[in-house]
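Just below is one structure, and these are the notes that go with it.
The values are calculated or read from the model by the stated rules, or taken from the named source; none is laboratory data. These figures come from a predicted structure and were not determined experimentally. Note that we place each Cβ from the backbone using ideal geometry, even for glycine, and neighbour counts take in every protein chain shown. Only protein heavy atoms, including side chains, enter the accessible area calculation; ligands, DNA and RNA are left aside. Shrake-Rupley method; radii C 1.70, N 1.55, O 1.52, S 1.80 Å.
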Amino acid sequence: QVQLVESGGGSVQAGGSLRLSCAASLRTFSNWSMAWFRQAPGKEREFVAAISWTGRMTDYSDSVKGRFTIARDNAKNTVYLQMNSLKPEDTAVYYCAARRGTITTISSDYGYWGQGTQVTVSA
């Protein structure tokens, strides 16, 4: 019933930009907080950004703050992650996640996940 489908991943040179999209098929789109996490080989999944249902609350990891922007378009049931000034350290599989309730930075708080999309940043 709940499906999250990411798109927009790819390869880019350092300093470049990508925009990830997450198309959400939910029972309803209301009261869902959305987030992006990423996981690089050999590392645990880490929090990237989150946004509340209204978009009034957002949170970012320190490593991406000022470079990444999370946004949502509830009319389109879509969440975006605009990634600018990309660094090789940003290389990872990026996952879209959803939960009922407030935003959190804890991956286990999110019950629904997309399939992931690869982002590769070359030096």
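Which sequence of Y112, Y80, Y94 reflects their accessible areas, 1.4 Å probe, from the largest down?
Numbers: Y112 100, Y80 40, Y94 0 Å².
Greatest to least solvent exposure: Y112, Y80, Y94.
Find how much the distance from K43 to S11 grows on full extension, using 0.36 nm per residue of separation minus their present alpha carbon separation; answer in nm with one decimal.
Working: separation 32, 0.36 × 32 = 11.52 nm, distance 2.00 nm.
My answer for the length gained is 9.5 nm.
Restricting to DSSP loop positions (anything but H, G, I, E, B) with no more than 15 other Cβ atoms inside 10 Å of their own Cβ, which trypsin sites (Lys or Arg not before Pro) remain in region 64-123?
Values: sites: K65, R67, R72, K76, R99, R100; in loops: K65, R67.
Hits after loop and neighbour filter: K65, R67.
Using θ = phi - 60° and the Karplus relation 6.51 cos²θ - 1.76 cosθ + 1.60, list the HN-Hα couplings for region 85-100 in order, rounded to whole Hz, with x at every Gly or Pro.
So the Karplus estimates, Gly and Pro as x, are 6, 5, 10, x, 5, 7, 4, 4, 8, 9, 10, 8, 9, 9, 8, 7 Hz.
Just to confirm a number: summing +1 for Lys and Arg and -1 for Asp and Glu over residues other than F37 whose beta-carbon lies under 14 angstrom from that of F37, what do you get?
Working: positive: R38, K43, R45, R99; negative: E6, E44, E46, D59, D90, D109.
Overall, the nearby charge balance is -2.
Straight distance only, please: which lysines reach the Cα of K43 with their own Cα at less than 21 Å, same-chain residues fewer than 8 apart left out?
K65, K87
Using the heavy atoms of the protein chains and a 1.4 angstrom probe, tell me the accessible area per residue for the chain in square angstrom. Could you put the intermediate results ahead of the total?
Values: 6260 Å² over 123 residues.
Solvent-accessible surface per residue comes out at 51 Å².
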